[in-house]
Amino acid sequence: MLEHLSYERSMTDELVKRLHEPRRFIQVIFGPRQTGKTTLAAQVAERCQLPYIHVTADVPGLRDLEWIAQQWETARTLAKNSGNFSLLILDEVQKVPNWSEMVKLLWDEDSLSGRPVRVVILGSAPLLLQRGVSESLAGRFETLHLTHWSFNEMRTAFGISYDQYLFFGGYPGAVPLINDVERWMDYINNSLIETTISRDILLLTQVDKPALLRRLFELGCTYSGQIVSYTKMLGQLQDAGNTTTLAHYLDLLGKAGMLTGLQKYAGQRTRRRASQPKLQVLNTALMTAVWNLGFDEVQSNNVFKGRLTESAVGAHLINGAKGKRIKIYYWRENNREVDFVVEKGATLTAIELKSGHKKDSLPGISAFSKKFKPNRNLLIGTGGIPIEHFLSEPVEHWLP
């Protein structure tokens, strides 16, 4: 659905610049399904005005290492015939067993012989792709993180309103279906959620309890924006698993761009890892698809709309921090809570969110400030920065 999208994301210029630099690096683009990786690569290839080949391993039946070698040889031929360097785009290459060893071999051959082939690798299974890159391609690659589309991107490209963004989230490929909510939900549930879980997680990663992972995802969508202990999760899921298993599955869902668990800010990193997670979807479309509520139903229900709003702010922060020196946490102590804590280097920003949804905790900005002395405190929502305005700016805009 993205083939004819003319809107270019902000990293297009960055990738074009990297491909024209004298020093060669393999460009690795991570990102969830249907966030425009393939379209971005095609736009970059067009902007570069280079001979290129764009192929994918995401087809029925597994590709093999010989397939990679054949595509690479084609790119070499294009470069030789053009008298310039060529561009090879390998999509979903992590689905080829031992792909990184072959890429390393071919890349090193080109480096020694001076062949001017540039390579871009795309993948929607970041865990497996990262593993192959780190193990075999050390010193040979750079990464770019493509995230779910922001409110500003969806508004600029499609004219999506604020209320539409809260409900339909940041999936550009689903935009043609938003006037038929039933079809839209079917697309999100079957083409995105189920495909991501079955093909990007279960097919490519060792998961001993697939049913538990699926139920954990649904639980996360139900409780997004809330702090939930692993013990409570196990009780809700009614499974004989353990907290280590849940933490691992939550990590897999996070790397697939679906659901994550924010850690409590504690100053000391060793204490953060042991905290109860604050569940957070990375795209609010996942929540509304699981809730199975209509657009008008959500707009007229302050509780549901408030929870969507809180999750949209969290997703905006987490997605906007991806690939940067920015970390996102929450903080809670003695029923005092700070919704989000943003750490960049030595600076801290505390964010209190008022969405109209009644919470079970009290504002904690004062207590947090006394303990950690943040560089900036922000109030988002009622009485502060309008949420629509907050979502319209990149995360860095709000940092000291």
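The values are calculated or read from the model by the stated rules, or taken from the named source; none is laboratory data. All values derive from a computational prediction rather than experimental measurement. Here the Cβ is made from the backbone with ideal geometry for all residues, glycine too, and neighbour counts use every protein chain on show.
Tell me which residues, restricted to the range 69-97, are under 28 Å from the mean Cα position of the chain (by Cα), more than 20 Å from Leu19 (Cα to Cα) and not charged (D, E, K, R). Result: Gln94, Val96, Pro97.
The residue that is modelled with the highest pLDDT, among those in the range 10-23 that are basic (Lys, Arg) and out of contact with any strand residue (DSSP E or B) (no Cβ under 7 Å at 6 or more places or on another chain), is Lys17. Residues of the range 296-335 being over 18 Å from the mean Cα position of the chain (by Cα) and either of a type in the set (D, E, K, R) or under 24 Å from Ala266 (Cβ atoms) (or both), which ones? Of everything in the range 296-335, those that are over 18 Å from the mean Cα position of the chain (by Cα) and either of a type in the set (D, E, K, R) or under 24 Å from Ala266 (Cβ atoms) (or both) turn out to be Asp296, Glu297, Lys305, Arg307, Tyr330, Trp331, Arg332, Glu333, Asn334, Asn335. Pairs linking a residue in the range 15-37 that is free of Cβ contacts under 8 Å to residues at least 40 places away in the same chain to a residue that is charged (D, E, K, R) and surrounded by fewer than 21 Cβ atoms within 10 Å (Cβ to Cβ), with Cβ atoms under 6 Å and 6 or more positions apart or on different chains, are Val16/Arg47. Looking at (1) buried (at least 23 other Cβ atoms within 10 Å of the Cβ); (2) assigned to a strand (DSSP E or B), can you tell me which one Ala289 breaks? Here Ala289 meets the rest and fails (2).
Residues in the range 360-398 that are surrounded by 17 or more Cβ atoms within 10 Å (Cβ to Cβ), farther than 17 Å from Tyr265 by Cα and hydrophobic (A, V, I, L, M, F, W, C): Ile380, Ile387, Phe390, Leu391, Val395, Trp398. Can you tell me which residues in the range 56-95 are in contact with an Asp or Glu (Cβ under 8 Å, 6 or more places away or on another chain) and of a type in the set (S, T, N, Q)? Of everything in the range 56-95, just one residue is in contact with an Asp or Glu (Cβ under 8 Å, 6 or more places away or on another chain) and of a type in the set (S, T, N, Q), namely Thr56. Please tell me if Gly267 is in contact with a helix residue (DSSP H, G or I) (Cβ under 9 Å, 6 or more places away or on another chain), at pLDDT below 90, closer than 16 Å to Tyr330 by Cα and not hydrophobic (A, V, I, L, M, F, W, C). Spelling it out, Gly267 is indeed in contact with a helix residue (DSSP H, G or I) (Cβ under 9 Å, 6 or more places away or on another chain), at pLDDT below 90, closer than 16 Å to Tyr330 by Cα and not hydrophobic (A, V, I, L, M, F, W, C).
In this structure, Phe340 qualifies as among the aromatic types (Phe, Trp, Tyr), closer than 24 Å to Thr222 by Cα and modelled with pLDDT of 95 or more. Just checking, does the range 234-248 include any residue being among the hydrophobic types (A, V, I, L, M, F, W, C), out of contact with any His (no Cβ under 7 Å at 6 or more places or on another chain) and under 20 Å from Gln164 (Cα atoms)? Checked against the condition, which is being among the hydrophobic types (A, V, I, L, M, F, W, C), out of contact with any His (no Cβ under 7 Å at 6 or more places or on another chain) and under 20 Å from Gln164 (Cα atoms), the range 234-248 yields no hits at all. Scanning the range 310-335 for residues that are hydroxyl-bearing (Ser, Thr, Tyr) and assigned to a helix (DSSP H, G or I) yields a single hit, Ser311. Scanning the range 371-400 for residues that are of a type in the set (S, T, N, Q), farther than 22 Å from Ala157 by Cα and outside any loop (DSSP other than H, G, I, E, B) returns a single hit, Asn377.
Looking across the range 5-52, the residues that are on the phi > 0 side of the Ramachandran plot and polar (S, T, N, Q) come down to Gln34, Gln49. Of the candidates Gln70, Gln94, the single residue that is in contact with a strand residue (DSSP E or B) (Cβ under 7 Å, 6 or more places away or on another chain) and of a type in the set (S, T, N, Q) is Gln94. Within the range 187-231, the set of residues being closer than 12 Å to Leu286 by Cβ and not in a helix (DSSP H, G or I) comprises Ser224 only. The strands (runs of 3 or more DSSP E) found entirely in the range 61-149 that carry 3 or more residues being in contact (Cβ under 8 Å) with a residue 60 or more places away in the chain are 117-123, 141-145.
For the range 47-56, a tally of residues being at pLDDT below 90 and in contact with a strand residue (DSSP E or B) (Cβ under 9 Å, 6 or more places away or on another chain) returns 2.
If the condition is being outside any helix (DSSP H, G or I) and either within 27 Å of the chain's Cα centre (by Cα) or farther than 17 Å from Ile121 by Cβ (or both), then the range 41-51 contributes Gln49, Pro51. When Gln236 is tested against (1) of a type outside the set (A, V, I, L, M, F, W, C); (2) outside any helix (DSSP H, G or I); (3) surrounded by fewer than 18 Cβ atoms within 10 Å (Cβ to Cβ); (4) touching a residue at least 12 places away in the same chain (Cβ under 8 Å), just one condition goes unmet, and that condition is (2).
For the criterion of being modelled with pLDDT under 90, among the β-branched types (Val, Ile, Thr) and assigned by TED's automatic domain parsing to the domain that holds Arg24, Thr39 passes.
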